[in-house]
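The values are calculated or read from the model by the stated rules, or taken from the named source; none is laboratory data. Since the structure is predicted, the reported quantities are computational estimates derived from the model, not experimental observations. FYI the Cβ positions are ideal-geometry reconstructions off the backbone, even for glycines, and counts take in every protein chain you see. Accessible surface is based on the protein model in full, side chains and every heavy atom, while ligands, DNA and RNA are left aside. Shrake-Rupley method; radii C 1.70, N 1.55, O 1.52, S 1.80 Å.
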Amino acid sequence: MDELRQTDDEALLVAVAAVQERINRESASLVALVAEVVTRGLAGAKGFRDTADLLRTVQNVALSTARARVDAARKLSPLFLITGDQVDPELPVLAEAFEDGAVTAEHVRVIIRVLASLPPHLGEHRPVLEADLVAHARTLDPDAVDTLGRRAVALLDPDGPRPREPKPTRNRLALRPRGSGFEARGWLDTESAAVLRSALSPLTAPVPPDGAGQPRDERSTAERNGDGLVELARRLLAVGDLGVENGQPVALTVTVPLETLTSGAGAGLLGFGAGGSSAAIAAEDALRLACDARVVPIVLASTGEPLFVGREQRLATRAQRRALAQRDGGCAFPGCESPPQWCVAHHVTRWAAGGPTALDNLVLLCPHHHRMIHIGDWVVEIDGGFPVFHPPPWVPGGPRRNPLHRPDLLAPRTPRHSAPVLLDAVLASS
Ligand SMILES: [Zn+2]
Ligand SMILES: [Zn+2]
């Protein structure tokens, strides 16, 4: 520190600038690493929603920061083809300036956003605009580059966005396989949209509500709508109000051989409704679905005859659900804010492996984190009456709990707050 004190003024300012240049270069190396994570598809393999969600956990940064890093990785990194050939990055000039340390990560974020706002019919202007903005970014701060970029786009496109193709007039919804899931596209008339929106509205509110003084729900409106639509369908299935199909109540069934349940290897069959349509699913997915109260499990003996159809023994009782909702307050996964009604009661030791349906073997998990736990990188245990999550070695920070639903436990623990007393009280009142 003494040495720092004696540095003359100008040398101090040179050092300040030099550190920024190093930060810029390090940010560029980070973006290259992120690009490799994207290429390997690690987010899906490890059970995260997407690469930004993975980065948030591994780097302990805000989701918006993680998203900007993923965007930069997609636009600034070369693509490697199966043939071994390499394709230049989408924004080569920006990539080079970033690698040289000449522009900050904030410049990168701004320039990517401006170029993305350029309408497709002006695509031919993109390379020139990129080069111009990068040239100015070497001397203009990110806010100024943002203003410059918006003005340049307005100048190129004085008419604003073009009209689109003719509008459809009939309700439709198409589901097409895409990536590891399905893409939903469709159109609804105003009245139908109003019906759907009013049914969805309680299921798509941010969790927790905005302005509740807690961290914001980071999901976009479209993401909340997607989760809400699936939740709507789940609840309808649970209520059993969809009538009958071929004489059977509509339900999701999962059929698994006994050996699959005990060994975790092999495959199961997921049945949709009673119409007989079904799809093969991996053993791990079958085991995960068997945790869900809304799914009817069918266990087959090695001869193929059903050993067991139904839900008894393996499902938490209402009193247990209530006690769990009290203890965990919602999804117990660290940082998750999903409320208890969205969660399944997961068996820490699988019921098929002899794990009892008891509070010290149950934990509330939302569908997303339930999937993550069944992938097996994260391990949950109940310690001192509360769930504790042990991360895989590539997530620094050690074991963790989810304090978000239980801020009362952050205060010094008093006997009044101890878990067993609290749970006894809840059980007695049910
Ligand atoms: Zn489970
Ligand atoms: Zn969760």
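Scanning segment 387-398 for residues that are part of a strand (DSSP E or B) and either open to solvent by 20 Å² or more (accessible area, probe 1.4 Å) or not assigned by TED's automatic domain parsing to the domain that holds Arg327 (or both) returns a single hit, His390.
Filtering Leu55, Leu63, Leu76, Leu12 for residues that are closer than 22 Å to Pro393 by Cα, assigned by TED's automatic domain parsing to the domain that holds Glu96, among the hydrophobic types (A, V, I, L, M, F, W, C) and without any contact (Cβ under 8 Å) to a residue 60 or more places away in the chain leaves a single hit, Leu55.
Looking only at segment 59-74, which residues are β-branched (Val, Ile, Thr) and surrounded by fewer than 19 Cβ atoms within 10 Å (Cβ to Cβ)?
Within segment 59-74, the subset β-branched (Val, Ile, Thr) is 61, 65, 70.
Residues satisfying the conditions are Val61, Thr65.
Here Arg401 passes the criteria (1) open to solvent by less than 20 Å² (accessible area, probe 1.4 Å); (2) in contact (Cβ under 8 Å) with a residue 12 or more places away in the chain except the one numbered (1).
Only residues that are aromatic (Phe, Trp, Tyr) and either free of Cβ contacts under 8 Å to residues at least 12 places away in the same chain or loosely packed, with under 10 Cβ neighbours inside 10 Å (or both) were counted in segment 172-195, giving 1. For Gly213, the conditions (1) more than 23 Å from Pro367 (Cα to Cα); (2) part of a loop (DSSP other than H, G, I, E, B); (3) modelled with pLDDT of 75 or more all hold with the exception of (3). The condition of being part of a strand (DSSP E or B) and open to solvent by 80 Å² or more (accessible area, probe 1.4 Å) does not hold for Arg150. Restricting Thr104, Thr169 to residues that are over 30 Å from Ala233 (Cα atoms) and of a type in the set (Ser, Thr, Tyr) narrows the list to Thr104.
Within segment 359-376, residues that are without any contact (Cβ under 8 Å) to a residue 24 or more places away in the chain reach partners that are of a type in the set (S, T, N, Q) and open to solvent by 20 Å² or more (accessible area, probe 1.4 Å) with beta carbons closer than 7 Å, at six or more positions or on different chains, in the pairs Asn361/Thr349.
I'd like to check something: does segment 17-27 contain any residue that is open to solvent by less than 10 Å² (accessible area, probe 1.4 Å), among the aliphatic types (A, V, I, L, M) and modelled with pLDDT of 95 or more? No, every residue in segment 17-27 fails to be open to solvent by less than 10 Å² (accessible area, probe 1.4 Å), among the aliphatic types (A, V, I, L, M) and modelled with pLDDT of 95 or more. When segment 173-195 is limited to residues that are of a type in the set (Gly, Ala, Ser) and at pLDDT 75 or above, the one that is nearest to Asp227 (Cα to Cα) turns out to be Ala184. Applying the condition of being more than 11 Å from ligand 2 (Cβ to nearest atom) and in contact with a strand residue (DSSP E or B) (Cβ under 7 Å, 6 or more places away or on another chain) to segment 358-378 and asking which residue is most open to solvent (accessible area, probe 1.4 Å) yields Asp360.
Being without any contact (Cβ under 8 Å) to a residue 12 or more places away in the chain and open to solvent by 10 Å² or more (accessible area, probe 1.4 Å) is the requirement here; does Gly335 meet it? Judged against the criteria, Gly335 is not a match. Is it the case, given these coordinates, that His121 is more than 33 Å from the chain's Cα centre (by Cα) and closer than 18 Å to Asp159 by Cα? So His121 passes the test.
Only residues that are under 11 Å from Val134 (Cβ atoms) and not in a loop (DSSP other than H, G, I, E, B) were counted in segment 73-100, giving 7. Is it fair to say Gly84 is open to solvent by less than 90 Å² (accessible area, probe 1.4 Å), at positive phi and touching a residue at least 12 places away in the same chain (Cβ under 8 Å)? No, not satisfied.
None of Glu284, Glu245, Glu259 is modelled with pLDDT of 70 or more, over 19 Å from Val344 (Cβ atoms) and not assigned by TED's automatic domain parsing to the domain that holds Leu364 except Glu259.
Looking at segment 341-350, which of its residues are crowded, with 19+ Cβ neighbours inside 10 Å and more than 9 Å from ligand 1 (Cβ to nearest atom)?
Trp342, Cys343
Taking segment 64-110, which residues are among the hydrophobic types (A, V, I, L, M, F, W, C) and over 14 Å from Ala28 (Cβ atoms)? Ala66, Val70, Leu79, Phe80, Leu81, Ile82, Val87, Val110 - these are the residues of segment 64-110 that are among the hydrophobic types (A, V, I, L, M, F, W, C) and over 14 Å from Ala28 (Cβ atoms).
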